[in-house]
Structure formats: C-alpha cells, structure tokens
Amino acid sequence: MSPSRRRALACAVALALSAGGPSASLSRAAHASPDVPPATIAQLAAIDCERVSATQVREVLALVPAPRIVLLQGSVAVVTMEPFAQFLIGMGYPEERLRNPADGSSTYDSFADSAALAGALAFDYERTGLEPMLIGHSQGGMLAIRVLYEFAGEFHRSLPVVDPRTGVAQPRTTIVDPRTGGERAVVGLHVAYAAALATGWLPRVLLGQWSMLPRLRKIPDTVTEFTGFDIPNDPIAGNLLGITPYEPTGSARVRNVLLPATYSHVALPLADHLPGNPAAREWIDGWHPGAALPDDLADLRNIVHASDIWNSVRRHWCIQAQRLLKVSSY
C-alpha cells in the first residue's frame, strides 16, 4: 500500500471513530482498572500467589476483584453445590462472585447448555477482565469439561455471547478483550481453574452423553489448571474396575487426586462445616500440595478435596487480580 493510501485509510478510521461508528464502541469498551487503593495494590504485588495466607485473603484479596466461580451440581441434586459455596464464603471468597446472576443461587444445574454457559462466561470476562473458575460435582464435572471443549471450538465454530442475567443470546460472537482492547471471538477464551469431583463414565452412558465419553478424561488447553478428584471403587462413577487418570491434550496443568475410600460420592459437596471448625480452618489455611492430614482431622468429612480446591481458588484469585491490576508478570 502506498503512503498516500495509508494516510487516507488512517483518516477514514479516525473519522469513523469520531463519528461514533462500530469501531468507536469497541475502542471505548476497553476495560478500566478497578478503583483499588494504591496501598492495597502494593500489598497485592507483594503476595506470593503460591502461598496465600488467611491474613492476605482477609486484608488484601477481599479488597480486590474476584473471578466468577461457577459451581455445577450433580445430575440428581439430592445434595446441591450450595454447601460447597458456603465453604468458600466461610473461607473468605466474595459471595456475589459465586451467585448465579439469573436467580441469585450459588449452585448451577448440570443439565444446562454448555454453549450458553460459555457465552455467559464470556459476558462476565468482557466486563471484569478475570478468567472464570469451574467446579463441578459428578455430572457437573462433565459439564465443566464440556465448557472447556466449547471454548476450544470442539462443538461449535462460533459461540454467541449470552447475558447471564436473562439467559438471552446476543447477536454477536465476539467480545472486546478488556486486557487488550481488541476484538476476539468467544471461541478461544480461557478458564483459570476447573475441577471435577467424582465424574465418571458410567452416568455418561446411562444418560446418553456419548460425545463426552472420549473427551471425559482429556483436558484441553482452554484451562490453566485442572484437578480431577476420584473415590476408589465408586460404583456411581463406574470405576469399580479401576480409574482412568485425567491427562492434558497439550499445555494444561492436570492433577489427579485420589480421595479416601470412605468418602461418599453423593456427599462430596458437604463442606460448609469446615470453616467453623478452628482446627480444620487453621489446617486448610496453611494447606499446600503434599501436606499430610493430621490424625485428629482424618475423620472430618470432605476436608481433603475442600483444602485442595481452596488452595487452587485462592491462588488463581491472587494471580488474576495481580494480572488485572498489572502488578505481576503472570
């Protein structure tokens, strides 16, 4: 292109912006930094996200933006994810970022449309600049993994943005990335952390979820960290003959955690009792990978996966906040 043509094109773009055309709306949608006091930003910058203390959660992270967490319940919601939401709230996570914008509940139906959920997460990311987290129990874990595949473009070439308050799809399949100010497709977006609790192949067969059978234990690159939790000889999950470990298809960090055989498949979300137990809370606050559970806490229901998940949640909360406020190289 000749210099004169480049100058003409630049003038045309400038005119369109000044006239308030489509490009202008994209430009003005660039994310503005949240109103966080400089002292808090300095404290946030000093946190090692691999070792976030209870004090740092209370005095620093509680004052900065938090990612959306979607808690997906099992197919037969005898126990929903509400008790697990209460566990996270009790440990210091902002309640508003756990609640469904549509109805205010803190547990999501695992029979939801994965494409619509992906579109709703894109809507949230466009407004916050924070990558979401997905935690699913049983079939909810399957849906969490399916959303990862939606973002990978496995089921649809494009995905509409969905307003999570109404569930209505918008007439667009792109968002303005608040980190760059540039337009990008919903397909290709990323999740910070995802976890699946006792998600097995047998219910996928019984419910006719054939498309997920070959994908159930393979985690795509649309998540930074994924943890799969299994109970040995879990008849509901269908692993009486053994457990196939989760593995990455590429660069995702994937962990497999074997829970105590005494744990109940149905009761895994019941963790709301843990924050109110001083000894349990102290241990959970200090938990890190490889930490040995003391004998006096060994019989405390669901403390193993609750501790592991809280560690991942607070780490990615810290990382996302540091990235949003531009105080780290993450």
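With the convex hull of its Cα atoms as the shape, segment 109-266 has an orientation-averaged projected area of 9.4 nm². The amide H of ARG255, built 1.01 Å from its N in the peptide plane, has PHE226, THR227, GLY228 as neighbours under 5 Å, considering only residues 5 or more places off or on other chains. Return the single residue from LEU293, LEU216, LEU117 with maximal mean-square fluctuation; model: Gaussian network over the chain, springs between Cα atoms under 10 Å. Looking only at LEU293, LEU216, LEU117, the largest GNM fluctuation is found for LEU293. When only alpha carbons are used to place a centre, segment 75-140 and segment 155-221 end up 13 Å from one another. Highest mean packing first, where packing is the average number of other Cβ atoms within 10 Å per residue, the peptides 186-192, 239-245, 97-103 line up as 186-192, 97-103, 239-245.
Extension gain, ASP103 to SER53: 0.36 nm times the residue separation minus the Cα-Cα distance gives 14.8 nm.
Placing a label point 7 Å from the Cα of ARG179 along the Cα-to-Cβ line, the residues of segment 214-232 whose backbone N sits under 14 Å from it are 222-225.
The magnitude of the dipole of segment 111-258, with charges of +1 and -1 set on the Cβ of Lys/Arg and Asp/Glu and taken from the Cα centre, is near 140 debye. Farthest toward the positive end of the dipole of the chain, out of TYR263, MET81, GLY140, is the Cα of GLY140, where the dipole comes from beta carbon charges about the Cα centre.
One decimal place: the segment LEU293-SER264 gains 8.6 nm when fully extended, by the rule 0.36 nm per residue minus the C-alpha distance.
Between SER251 and ALA45, the simple label model (points 7 Å from Cα in the Cβ direction) yields a spacing of 2.6 nm. For segment 37-324, the share of DSSP beta bridges that are antiparallel, to the nearest 5, is 15%. Which one of LEU159, SER251, GLY90 is farthest out on the positive end of the charge dipole of segment 37-324, using unit charges on Cβ (Lys, Arg +1; Asp, Glu -1) and the Cα centre as origin? So the residue furthest toward the plus end is LEU159.
Taking only alpha carbon atoms, the chain gives an Rg to Rh ratio of 1.01, where Rh is the Kirkwood radius. Rounded to the nearest 20, the Cβ-based charge dipole of the chain about its Cα centre (Lys and Arg +1, Asp and Glu -1) stands at 1440 debye.
None of the figures in this text is laboratory data; all of them are computed from the coordinates on show. Predicted model, so just to flag it, every value in this text is computed and none were measured. Heads up, the Cβs are rebuilt from the backbone with ideal geometry, glycines too, and the neighbour counts pull from every protein chain shown.
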